[in-house]
Amino acid sequence: QVQLVESGGGLVQAGGSLRLSCAASGRTFSSSAMGWLRQAPGEEREFVAAISWSGLSTVYADSVKGRFTISRDNAKNTVYLQINSLKPEGKAVYYCAARTSGDGSSNPKRYDYWGKGTQVTVSS
């Protein structure tokens, strides 16, 4: 079992930066692929980025490539999402998710555990 708690959301100006954190508890974190996904009002949850259990492999949605960076620190049981050059369409609730078997996935249905999310609001 993995419990996930996101933090770091807030109000940011368009073009600004933010770092989200996801603190995990549970024995399987270090062996789990992790993902960040987001959901805007009235929209479906969409994939943002994922990282393998080792941290050696990452994958990003085309819409965030070059601006977002996912990383993890298994010693601290934490995964991060560095957000740069934030766009107004980046306003959403950002969720951290864990997948206990397999690599990180762009399919939200493949994740086994979810946090409650952290709100990111973008002002123009």
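The values are calculated or read from the model by the stated rules, or taken from the named source; none is laboratory data. None of these values were measured; they are calculated from a predicted model. Glycine also receives a Cβ, built like all others from the backbone with ideal geometry; neighbour counts cover every protein chain displayed. Surface accessibility is based on the protein's heavy atoms, side chains included, excluding ligands, DNA and RNA. Shrake-Rupley method; radii C 1.70, N 1.55, O 1.52, S 1.80 Å.
Key figures
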{"item": "Antiparallel content of DSSP bridges confined to segment 13-124, in %, to 5", "result": "95 percent"}
{"item": "Whichever lysines have a C-alpha closer than 16 Å to that of Lys65, once near sequence neighbours (fewer than 8 apart) are set aside", "result": "Lys87"}
{"item": "Per-residue SASA entry for Ser71, accessible area with 1.4 Å probe, Å² rounded to 10", "result": "50 Å²"}
{"item": "Simple label model, 7 Å out from Cα along Cβ direction - Asn74 to Thr58, nm", "result": "1.7 nm"}
{"item": "Segment 7-61: GluC sites (Glu not before Pro) falling in loop per DSSP and having at most 10 other Cβ within 10 Å", "result": "Glu43, Glu44"}
{"item": "Anchor Lys76: lysines whose Cα lies under 21 Å away (excluding residues fewer than 8 positions away in-chain)", "result": "Lys116"}
{"item": "Residue with peak Gaussian network fluctuation, the chain [Cα springs, cutoff 10 Å], from Gly90, Gly42, Gly26", "result": "Gly42"}
{"item": "Whole-Hz couplings from phi, Karplus 6.51/-1.76/1.60, listed for segment 114-119; x for Gly and Pro", "result": "9, x, 8, x, 9, 7"}
{"item": "Accessible area in square angstrom per residue, segment 14-89, 1.4 angstrom probe", "result": "50 Å²"}
{"item": "With every protein chain in place, the chain: carbon and sulfur % of accessible area (1.4 Å)", "result": "45 percent"}
{"item": "Nearest-0.05 FRET efficiency for Arg27 and Ser106, computed from C-beta distance (R0 22 Å)", "result": "0.25"}
{"item": "Spatially proximal aspartates and glutamates relative to Lys91 (Cα-Cα < 17 Å; intrachain offsets below 8 disregarded)", "result": "Glu6, Glu43, Glu44, Glu46, Asp62"}
